[in-house]
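The structure under discussion appears below in the form of structure tokens.
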Protein chains: 2
Amino acid sequence: MSTQERIPAWCPGQEWCSLTATASLVGKKWHPVIIHRLLANGPLGFNDLQEEVDGISSKVLSESLDDLAEKQLVERRVIEDKPVRTQYRLTDLGESLEPVVHAMASWGEAHLEHVDDRDASLV
Amino acid sequence: MSTQERIPAWCPGQEWCSLTATASLVGKKWHPVIIHRLLANGPLGFNDLQEEVDGISSKVLSESLDDLAEKQLVERRVIEDKPVRTQYRLTDLGESLEPVVHAMASWGEAHLEHVDDRDASLV
DNA sequence: CGGTATCCTCATTGATACTG
DNA sequence: CAGTATCAATGAGGATACCG
């Protein structure tokens, strides 16, 4: 994979390029959740993962996993038993996102929870 | 602002809700950059901010700031001099995102830089 | 079980121009 | 300086169905 795909073309070499590049990974709707689930529950099959990430369609999950695999954050491993199984696991690079995902989750818990105090009708 | 807008409706009360909620703030293309610039360079006027965030159109900057203000991460302050000036600054809630933005920027620097070693034609 | 293939809708972005 | 208006383009996401 080339830099072109990792560093967006419109990013004009600023100080914050790496920030937006990270956002383009972690900012996708389902990517942080998928990473979070794989961090928590180890390697998972496709359908297991779909249940973990409740609400995602198989199409979007498939596309997300393709994207994550292309970015070398997730590794797809086919187990050649019968019936054939598939496992998705984080690569080392993917696991290295743990602090980022953790920071995001922590912030959400700390700062969105007290919003619920004002309007606890949901959640 | 109600919980409905902060916690996405499709988020089924899972463990990772707060994660996706954070992602919906920090995952927007320009939001982390705007926050980063405001963290680094204090209060800024509209046009100053547009220069800091090189490449953003005034329309998108305006919309992003509206969004950030609505989420109480950024405060808009009109200075009633002549000519009228505007200042955008982070709220306390906005500043509390510093660890998240920092984690994202650090990860990007640490893990995208060595990609450039393989293809240093850009950046 | 582990996906593709369609089709559709809506959100986001961008370019450009214009205003008080 | 600080935006708004308009319009076009893109693409992410969702619903559903189907396949080996």
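The values are calculated or read from the model by the stated rules, or taken from the named source; none is laboratory data. From a predicted model like this one, the values you see are computed outputs, not experimental measurements. FYI the Cβ positions are ideal-geometry reconstructions off the backbone, even for glycines, and counts take in every protein chain you see.
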For the range B:46-57, enumerate the residues that are in contact with a Phe, Trp or Tyr (Cβ under 8 Å, 6 or more places away or on another chain) and within 12 Å of DNA strand C (Cβ to nearest atom).
B:Phe46, B:Val53, B:Gly55, B:Ile56
Does B:Arg37 satisfy being more than 17 Å from A:Met104 (Cβ to Cβ) and assigned to a strand (DSSP E or B)?
no
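Looking only at the range B:71-98, count every residue that is within 14 Å of DNA strand C (Cβ to nearest atom) and not charged (D, E, K, R) and tell me the total. Outline the logic, then answer.
Initially, the range B:71-98 is screened for residues within 14 Å of DNA strand C (Cβ to nearest atom), giving B:71, B:78-86.
Filter once more, so that each one left must be not charged (D, E, K, R): B:78-79, B:83-84, B:86.
Result for the range B:71-98: 5.
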Which numbered condition in (1) more than 14 Å from every other protein chain (Cβ to nearest Cβ); (2) buried (at least 18 other Cβ atoms within 10 Å of the Cβ); (3) not acidic (Asp, Glu) is the only one that B:Ser64 fails?
(1)
Which one of B:Ser106, B:Ser62, B:Ser58 is of a type in the set (Ser, Thr, Tyr) and more than 28 Å from A:Pro32 (Cα to Cα)?
B:Ser58
From (1) over 21 Å from A:Ala21 (Cβ atoms); (2) at pLDDT 95 or above, pick out the condition that doesn't hold for B:Leu39.
(1)
Just to be sure, is A:Lys29 part of a loop (DSSP other than H, G, I, E, B) and free of Cβ contacts under 8 Å to residues at least 40 places away in the same chain?
yes
Filter the range B:28-43 down to the residues that are within 15 Å of DNA strand C (Cβ to nearest atom) and either more than 14 Å from B:His102 (Cα to Cα) or among the hydrophobic types (A, V, I, L, M, F, W, C) (or both) and list them by number.
B:Lys28, B:Lys29, B:Trp30, B:Val33, B:Ile34, B:Ile35
Is the range A:92-114 home to any residue that is among the β-branched types (Val, Ile, Thr) and modelled with pLDDT under 95?
no
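Taking into account only those residues within the range B:49-66 that are of a type in the set (Asp, Glu) and at pLDDT below 95, which is farthest from A:Val26 (Cα to Cα)? If you could, list the steps in order and put the result at the bottom.
Restricting attention to the range B:49-66, the residues satisfying the condition of being of a type in the set (Asp, Glu) are B:51-52, B:54, B:63, B:66.
Those still in the list that are at pLDDT below 95 too: B:51-52, B:54.
Details: B:Glu51: 25, B:Glu52: 23, B:Asp54: 22 Å.
Looking at the filtered set, the residue picked out is B:Glu51.
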Mind listing whichever residues of the range A:44-61 are surrounded by 15 or more Cβ atoms within 10 Å (Cβ to Cβ) and closer than 24 Å to A:Ala103 by Cβ?
A:Leu44, A:Leu49, A:Glu52, A:Val53, A:Ile56
